[in-house]
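For reference, the structure discussed in these notes is given below.
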Amino acid sequence: MKTVLVLGANGGVGKVVAKAFLDKGWRVLGLVRAGKATGEGIVPIHADLFDASAVARATGPVDLVFNGLNVPYPVWAEKALPTYTAAADICEALNARQIYPGSVYNFGSSMPPILTPQTPFAADTLKGRIRVSIEGLFRERAEAGRLRTIVIRAGDFFGSEAPNSWMGALVAKDLGKGKIVTPGKKTTVHAWAFLPDLAATVVKLAEVEATLGAYEVFHFESQNVSAKRLADAARMALSRKVAVGHMPRVLFSLIAMFDPFMRAALEMLYLWDVPHALEDPRLAEVIGELPHTPLSEAMKTLL
């Protein structure tokens, strides 16, 4: 039985990934804060994220680390790079491969409509530049023989375990009332990642990681769709009319005056204006058939 350590095991992504590993027979450890419990079947590990030696002593031998850490938007500038550096230190201490979910932030507001692993970075926001620095750290350590990493780049997460995502908190918040909301045009293509499919893909990559190089980047093609397409899929799932509404940018600015999360999110609003889709034919060559839930079924899980 192989062992995976999930960092951020109580987060939306971590929970779904941990369950996917459990379903495939892995032993799953979850690094959580002292006093916190984990999901059923997950062994809680109470150790300081910033003390790699303590984490290694608490876990024992580990085959793989899933980096599901989530740094809140308002403190990204101060805490993101130190947090992900701590994750890299843990992987080194355990001599375990890391799988890290990347984002499209690296490509900036001038990104092309199709994003492949070969697309150059052109980050022009604070969060984007930090994302580039994080991946640069992982790559440098891989090239130095210190760390093995797989980056699985994905769009915005969505699913029943991610109520605070853009989908859960805004776009599909009123889906039960027959409404989809978008901050951009209803026809602009946006990259989404249905969490159960992403988790299944992570497990498949974990099963073949020994055949891969020290630093690998894959793009996860999940749902590259517009708000109109989301509404069409929801209409099929619900058998009722689903309208597409628009949230004016001025409302974001007004909310940001009182909401630190929204204030920190303002610089990322270009993602709703610039069409972008993730593509990567090599991923299927490496892991076989890609996990893919029909969009109508995925939307139904949000109710």
Q.
Suppose each label sits 7 Å from its Cα in the direction of the beta carbon; what would the S133-M247 distance come out to in nanometres?
A. 2.8 nm
Q) Rounded to the nearest 500 deg cm²/dmol, what is the calculated helix-only ellipticity per residue at 222 nm for the chain, with -39500 (n - 2.57) per DSSP H run of length n ≥ 4? A) -11000 deg cm²/dmol
Q.
Tell me the volume per residue, in Å³, of the convex hull enclosing the alpha carbons of the range 236-281.
A. 158 Å³
Q: Could you list which residues have their amide H under 5 Å from that of V217, counting only those 5 or more apart in sequence or on another chain, with H placed in the peptide plane?
A: V151
Q: Report, to the nearest 10°, how far helix 227-238 tilts away from the longest principal axis of the Cα atoms in the chain, using its own Cα long axis and a range of 0 to 90°.
A: 90 degrees
**Q.** Helix 12-23 axis, angle to the chain major axis (alpha carbon atoms, nearest 10°)
**A.** 60 degrees
Q) Using 15 Å as the cut-off for backbone N distance, which residues of the range 224-257 belong to the label zone defined by a point 7 Å from the Cα of Y270 along Cα→Cβ? A) none
(Q) If I fit a long axis through the Cα atoms of helix 76-94 and take the longest principal axis of the Cα atoms of the chain, what angle between them do I get, 0 to 90°, rounded to 10? (A) 40 degrees
(Q) Quick check for you: which residues of the range 58-85 have the amide N under 20 Å from the point 7 Å beyond the Cα of R263 toward its beta carbon? (A) 71-80
Q: Residues in the range 11-27, backbone N under 14 Å from the label point at E207 (7 Å along the Cα-to-beta-carbon vector): list them, ranges by number please.
A: 20-26
**Q.** Across K241/K300; K173/K241; K19/K179; K127/K300; K186/K241; K127/K186, pairs whose alpha-carbon gap is larger than 22 Å
**A.** K19/K179; K127/K300; K127/K186
Q | Two-decimal Rg to Rh for the range 58-101 - Kirkwood Rh, Cα set | A | 1.03
Q.
Taking every DSSP beta bridge with both residues inside the chain, roughly what % is antiparallel (nearest 5)?
A. 10 percent
Q) Hey, what D do you get for the range 221-302 in µm²/s if you plug the Kirkwood alpha-carbon radius into Stokes-Einstein at 10 °C and 1.306 mPa s? A) 102 µm²/s
Q) ³J(HN,Hα) across the range 245-256 via Karplus (A = 6.51, B = -1.76, C = 1.60, θ = phi - 60°), whole Hz, x for Gly/Pro? A) x, 10, 9, x, 5, 4, 5, 4, 5, 5, 5, 4
Q: Quickly work out the E143-to-A77 label distance, labels modelled 7 Å from Cα along the C-beta direction, and quote it in nm with one decimal.
A: 2.9 nm
(Q) For a distance above 23 Å, tell me the whole-number percent of Cα pairs in the chain that qualify. (A) 56 percent
**Q.** Longest to shortest principal axis, alpha-carbon extents of the range 68-220, angstrom
**A.** 52, 33, 29
Q: Please report, in whole Å, how far the alpha carbons of the range 1-144 spread along each principal axis, starting with the longest.
A: 44, 32, 29
**Q.** Protection proxy ranking of 148-158, 248-258, 128-138 - average other beta-carbon atoms within 10 Å, highest first
**A.** 148-158, 128-138, 248-258
**Q.** Fraction of alpha-carbon pairs over 15 Å apart in the range 105-180 - percent
**A.** 68 percent
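All of the numbers you see were taken from the coordinates with simple rules; none came from a lab. In this text, all values refer to a predicted model and were calculated from it rather than measured experimentally. No Cβ is skipped: glycine too gets one built from the backbone with ideal geometry, and neighbour counts run over all protein chains shown.
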